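The structure appears below as structure tokens.
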Amino acid sequence: MSIYDVTAQNPYLFKQLKSYFGRVRVWNRGQGFEYEEGWDGSRPICAKTRGGEEYAVCCPRCGDKRFRLHINHMWNEPDPVTGYPMRHLIRCWNEECDWSDLSDELLMHTPDQGAHESPMAMPSRMSKGKSYLSPGKLAKLTELEDDHEVVVYLRDQRGFDLEELERVWGVKFCYRTSHPRTEGLTWFTQDRIVLPVKDVDGKVVGWQSRHLDDQPKKKVLANGEKIGIPKYYTMPGMSKGAHLYGLYKCHQSKQLVIVEGATDVWCVGPPAVCPFGCTLSLFQERLLCATEAEDLYLVFDRESDEEKAKKIDKEVTRIRKVLGERFRIHEVTLPEAGDPADYDRDYVRQIIDSF
Ligand SMILES: [Zn+2]
């Protein structure tokens, strides 16, 4: 056994790279990924201070023989602050090499063996949770005035049952950001819907807040600078890619319905889960594989925007490739552009049942 077979920081990725590239060398063996929480002017970001362990392979783009293509052990893992998969953590050090789309290629051609192992065996670095940060002062939906904007939005415009949202999903309304650490986050939590996010055991690990508009307007500061306000905002320090919203309610389920956002989960109800977007992280794939489920129904939003539609198609193809042996995968197309939450529950379930 060569020295390079010794367990790496990310044995799953290491195995994948080995099966794809053949030979892999390990740099900075055993060093973790260190980061600090930064601020890009409008939202918290992960400022990388040290990348830690990297896997070096011969780059297929430039005919390199000197192991100049480096893939960080955290490649495609959720960003510890934003939760998006960190697919940028790859580069070829040969100056003339065009390695920019290698990350996409790797995603498509690498058999995901990690997804078939228990999430319990996952490296501990991902479970190193940060402390819970309060979004602010919360009000019960059922105790708000009948003409309150959130009541009008959720009940009248979206057709949700407020009592159910409160009882089943713990949804609340944040009327004031009060915590000293959240002061800078006023625009991201105040006057917004707040939904607790629970891990697979049902323990609260964080929250997301949602703006009442589908396309929130930019905030204009006193100096004229415009700041984008996100529709969904995730608790700083909570890695959304490390959780599947609603999964703790689906332990016995033989079928799972994957939708994009929390409102879609509320609409369909269990066994619907969402990855907080239209892509699954490696971590989320492992969570799925550890369930009893046999059938996966993919009910992504039907996009009228061509770019977004392409992105979803690409992800569906990838999911089929990666999880196709573990599950029967059914892609469910909604009759018209929109997301599942635009329809009523019985209707969505009928569509799903017909596949
Ligand atoms: Zn190269």
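The values are calculated or read from the model by the stated rules, or taken from the named source; none is laboratory data. These figures come from a predicted structure and were not determined experimentally. Counting neighbours? That spans all protein chains shown, and the Cβs are built from the backbone with ideal geometry, glycine included.
Rundown of residues vs (1) over 13 Å from the mean Cα position of the chain (by Cα); (2) within 26 Å of residue 80 (Cβ to Cβ), yes/no style:
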{"site": "240", "(1), (2)": "no, yes"}
{"site": "247", "(1), (2)": "yes, yes"}
{"site": "262", "(1), (2)": "no, yes"}
{"site": "272", "(1), (2)": "yes, no"}
{"site": "291", "(1), (2)": "yes, yes"}
{"site": "298", "(1), (2)": "yes, no"}
{"site": "302", "(1), (2)": "yes, no"}
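Return the only residue of 292, 315, 260 being more than 21 Å from residue 234 (Cα to Cα), in contact (Cβ under 8 Å) with a residue 12 or more places away in the chain and part of a loop (DSSP other than H, G, I, E, B). Give the derivation first.
On the way: 315 fails: part of a loop (DSSP other than H, G, I, E, B); 260 fails: more than 21 Å from residue 234 (Cα to Cα).
It is 292.
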Can you tell me which residues in region 330-355 are in a strand (DSSP E or B) and surrounded by 18 or more Cβ atoms within 10 Å (Cβ to Cβ)? none
Which of the residues belonging to region 317-328 are surrounded by fewer than 16 Cβ atoms within 10 Å (Cβ to Cβ), under 19 Å from residue 287 (Cα atoms) and not basic (Lys, Arg)? 324, 325
Residues of region 31-71 that turn out to be in contact with a Phe, Trp or Tyr (Cβ under 8 Å, 6 or more places away or on another chain), away from the ligand (no atom under 16 Å from the Cβ) and either closer than 25 Å to residue 11 by Cβ or assigned to a loop (DSSP other than H, G, I, E, B) (or both), as a count: 8
Restrict the check to region 285-300 and report whether at least one residue is touching a Phe, Trp or Tyr at 6+ places or on another chain (Cβ under 8 Å), at pLDDT 90 or above and among the small types (Gly, Ala, Ser). yes
Contact list, first residue from region 95-108 and within 19 Å of residue 312 (Cβ to Cβ), second anywhere and within 12 Å of the ligand (Cβ to nearest atom), beta-carbon distance below 8 Å, six or more apart or interchain, is 103/90
